[in-house]
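Just below is one structure, and these are the notes that go with it.
Bear in mind these aren't lab numbers, they're just calculated from the coordinates by the rules spelled out. Fair warning: this is a prediction, and the values are worked out from it, not measured in the lab. Every residue, glycine among them, receives a Cβ derived from its backbone with ideal geometry; neighbour counts consider all protein chains shown.
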Protein chains: 2
Amino acid sequence: MSRWQPNAHGRLEQAALELYVERGFDRTTVAEIAERAGLTERTFYRHYADKREVLFGDGTTLPALLAKAVEEAPESAKPIDAVAAALDSWGVQLQKNRKGTMRRHDIISAHPELWERYLVKRSKLAAAMAEGLRGRGVDEPAATLAAESGMAAFEVAHARWLGAPDSAGLTRYLREAFRELKAVIAGD
Amino acid sequence: MSRWQPNAHGRLEQAALELYVERGFDRTTVAEIAERAGLTERTFYRHYADKREVLFGDGTTLPALLAKAVEEAPESAKPIDAVAAALDSWGVQLQKNRKGTMRRHDIISAHPELWERYLVKRSKLAAAMAEGLRGRGVDEPAATLAAESGMAAFEVAHARWLGAPDSAGLTRYLREAFRELKAVIAGD
């Protein structure tokens with residue numbers, strides 16, 4: 001096998017998802033994931049610490065993208081709207097692979113140890129968005145509060161989107177969730 | 001040793017905290033915690049699944065208390081204010097043991113595996129408060145959004161309180177954090 005492994009990340013993720021659905025998360029080994037991806041176990045471990053991590057990207061790309069999207073929202077955007085815009089751009093990516101997102105979600109929900117890892121990921125995404133807000137000159141704790149509340153709205157929208165019988169865009173659910181967030185915090 | 005172990009929970013928690021501070025979390029065993037508490041290892045495992053759990057209460061008392069406090073907030077209280085009231089009543093308890101809370105916080109922050117467990121706890125507390133809100137007739141997703149945002153405000157207040165040089169009440173920091181939450185979500 002050549003040392004050049006184009007898109008090793010994507011291939012490992014795809015292979016892991018397939019195997020977790022076919023055999024279950026518990027009964028799948030790293031060796032099997034690597035084999036299915038046509039890569040070695042060593043390559044797997046160059047990219048991921050364990051078979052939980054493979055469901056959560058590389059741990060740096062998405063946080064960096066979200067921080068950048070927050071920072072680059074229109075200058076006039078209020079902090080909460082900059083967060084909404086960043087999450088919307090992520091939503092557009094997820095929308096392209098609703099089936100894959102759904103499978104990943106089902107596997108994570110069914111395994112407490114994956115749920116724990118998801119919560120860590122969620123907390124890092126919120127921290128990245130708070131960093132993006134501070135880059136726009138937003139003070140703490142406003143930055144953290146906007147980022148964390150925005151993540152909560154994202155999660156609500158994401159669950160509704162996955163549960164919806166039609167394939168209405170995640171964007172629509174995000175818009176609704178942010179509207180409801182504003183209403184409930186304002187005490188309307 | 002008699003089968004009657006008054007306040008085994010509190011004794012195990014106290015012993016664990018002491019040992020984690022003295023020797024570090026990694027170098028402390030369940031056997032040592034049990035010994036320090038004057039109890040058996042078997043008793044430890046009747047109360048906690050592992051040495052992480054002992055830092056997080058029994059996993060049911062606090063969620064139940066918060067849910068009840070939300071549900072019993074004055075009828076006129078808006079959802080976010082019912083959440084604030086419940087968290088304030090928890091804050092009053094924490095205030096009584098600022099030093100213990102601080103030690104626990106330091107240990108948790110220093111160990112990623114404890115931080116993961118904390119995030120699970122936080123998520124359960126938010127879920128319990130959302131349940132309390134639904135008991136008041138608040139619909140989803142407003143209930144979840146108010147509970148999750150409230151938890152974020154609590155976390156901000158808690159960190160400020162622990163970091164403050166004076167021993168000003170957690171209640172004051174909570175009030176501030178909820179005020180800042182309302183302002184940033186409203187886009188003020």
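Taking the label point as lying 7 angstrom from Cα along the Cα-to-Cβ axis, what are the distances from A:Glu72 to the corresponding position in the remaining copies, in ascending order and in nanometres?
Here the equivalent label points are 5.2 nm apart from this one.
Against the globular-protein guess of 2.2 N^0.38 Å, express the Cα radius of gyration of chain B as a ratio, rounded to two decimals.
1.12
In terms of the Cα gyration tensor, with a ≥ b ≥ c the square roots of its eigenvalues, is segment B:8-54 rounded because a/c is under 1.5, prolate because a/b exceeds b/c, or oblate? Walk me through the numbers on the way to the answer.
On the way: a/c = 1.63, a/b = 1.43, b/c = 1.14.
Since a/c reaches 1.5 and a/b is larger than b/c, the shape of segment B:8-54 is classed as prolate.
Distance check, please: which entries in B:Lys68/B:Lys121; A:Lys124/B:Lys68; A:Lys68/A:Lys121; A:Lys121/B:Lys99; A:Lys78/A:Lys121; A:Lys51/A:Lys121 exceed 20 angstrom between their Cα atoms?
Among B:Lys68/B:Lys121; A:Lys124/B:Lys68; A:Lys68/A:Lys121; A:Lys121/B:Lys99; A:Lys78/A:Lys121; A:Lys51/A:Lys121, the Cα-Cα distance tops 20 Å for A:Lys124/B:Lys68; A:Lys121/B:Lys99; A:Lys78/A:Lys121.
What helices does chain A hold that run 27 Å or longer along their axis, going by alpha-carbon atoms, with a Kyte-Doolittle average of 0.5 or more, using DSSP H for the helix calls? Intermediate values should be presented prior to the final figure.
On the way: long enough: A:112-135 (34 Å, -0.36); A:142-163 (32 Å, 0.59).
Helices passing the filter in chain A: A:142-163.
I need the trypsin sites (Lys or Arg not before Pro) found in segment A:48-157, filtered to DSSP loop residues with at most 13 other beta carbons within 10 Å of theirs.
A:Lys96
Could you give the size of the charge dipole of segment A:101-188 about its Cα centre, using +1 on the Cβ of each K and R and -1 on the Cβ of each D and E, expressed in debye and rounded to the nearest 20?
280 debye
So if R0 is 35 Å, what FRET efficiency would A:Asp106 and A:Arg179 give, r being the distance between their Cβ atoms, rounded to the nearest 0.05?
0.80
Name the most mobile residue of A:Ser76, A:Ser149, A:Ser123, meaning the one with the largest mean-square fluctuation, in a Gaussian network model of chain A with Cα contacts below 10 Å.
A:Ser76
For the pair A:Glu18/A:Leu94, report the inter-label distance in nm, with labels modelled 7 Å from Cα in the Cβ direction.
2.5 nm
Which of rounded, prolate or oblate describes the protein assembly as shown when judged by the alpha-carbon gyration tensor and an a/c cut-off of 1.5?
Details: a/c = 1.76, a/b = 1.10, b/c = 1.59.
Oblate shape, in that a/c is at least 1.5 and b/c is the bigger or equal ratio.
Treating the point 7 Å from Cα along Cα-beta-carbon as the label, what are the nm separations from A:Thr40 to the other copies, to one decimal?
Reported distances to equivalent positions: 5.1 nm.
Indicate the gyration tensor shape class of segment A:21-94 (rounded, prolate or oblate), computed on the Cα atoms with a ≥ b ≥ c the square roots of the eigenvalues: a/c under 1.5 is rounded; otherwise a/b larger than b/c is prolate and the rest oblate.
prolate
Considering the options B:Gly91, B:Ala67, B:Asn7, tell which one lies farthest towards the positive end of the dipole of chain B, charges being +1 on Lys and Arg and -1 on Asp and Glu at the Cβ, about the Cα centre.
Comparing the listed Cα positions along the dipole, B:Asn7 ranks first.
How far is A:Gln93 from itself in the other copies, in nm, if each label sits 7 Å out from Cα along the Cα-Cβ line, shortest first?
4.0
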